[in-house]
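The values are calculated or read from the model by the stated rules, or taken from the named source; none is laboratory data. Keep in mind the model is a prediction, meaning the values are calculated, not measured. Surface areas here come from the heavy atoms of the whole protein model, side chains and all, with no ligands, DNA or RNA. Shrake-Rupley method; radii C 1.70, N 1.55, O 1.52, S 1.80 Å.
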Amino acid sequence: MSSTASSSASETLPETQPAGRGQSTDAVFARLKSSAFHELVAASLAGDQEAIGTLFAWINPAIIRYCRARIGRTGSAFSSADDVAQEILLAVLGALPRYSDDRESFLPFVYGIASHKVADYYRRSGRDRSDPVADVPDTIDHGLGPEQITLRAEMRTRLVKLLDTLAPRQREILVLRLVVGLSAQETAVAIGLTATAVRVAQHRALTRLRGGLSAGDWL
């Protein structure tokens with residue numbers, strides 16, 4: 001397994017890079033579902049420093065995407081999201097020696113830490129809840145014309161307003177299920193619910209969002 005991991009724990013974490021740059025988002029998240037990822041987790045739990053460096057390089061883009069979906073992708077929110085992502089990675093690194101569950105549950109374990117760190121960020125900011133934003137590409141699509149860019153911005157604004165009508169737990173479930181791509185079981189492990197409760201909450205959240213759409217939003 002190739003990696004540029006350093007032998008010291010402080011150098012194990014990769015520098016934060018824009019999520020999705022240089023590789024497709026689908027590829028990033030498909031890799032985290034692969035048997036190779038589970039093998040990487042097992043090697044990391046066994047103390048393999050090279051594997052730990054690779055593990056954090058693999059989960060880094062996913063954590064950044066999660067934080068930007070929860071906190072924001074523009075201005076100071078963008079910087080804050082990336083700072084929180086680094087806090088999450090450091091917390092996961094510190095918790096790694098104490099992790100004793102099976103390797104298939106490691107990703108929900110990571111997102112459980114991420115959820116708490118984002119909540120801490122909002123408490124420090126004096127806010128009661130997060131305002132998830134639409135998941136949009138981190139890079140500019142130069143194939144879009146001015147009209148398409150305007151329409152996309154308007155749709156993003158409407159989506160943010162719709163998400164703001166949901167309860168915090170419902171928003172968290174939608175982010176984990178639809179933005180991050182966790183399964184119902186993985187989401188349940190991450191937030192401390194049953195898979196059935198996750199599915200019910202997701203269904204209710206989507207039903208509420210559909211109810212808030214006007215006829216023009218479906219066009």
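Things worth noting here:
- Stretch gain in nm, segment S105-L178, where the contour uses 0.36 nm per residue and the Cα spacing is subtracted: 24.4 nm
- List V189, V175, ordered by accessible area with a 1.4 Å probe, largest first: V189, V175
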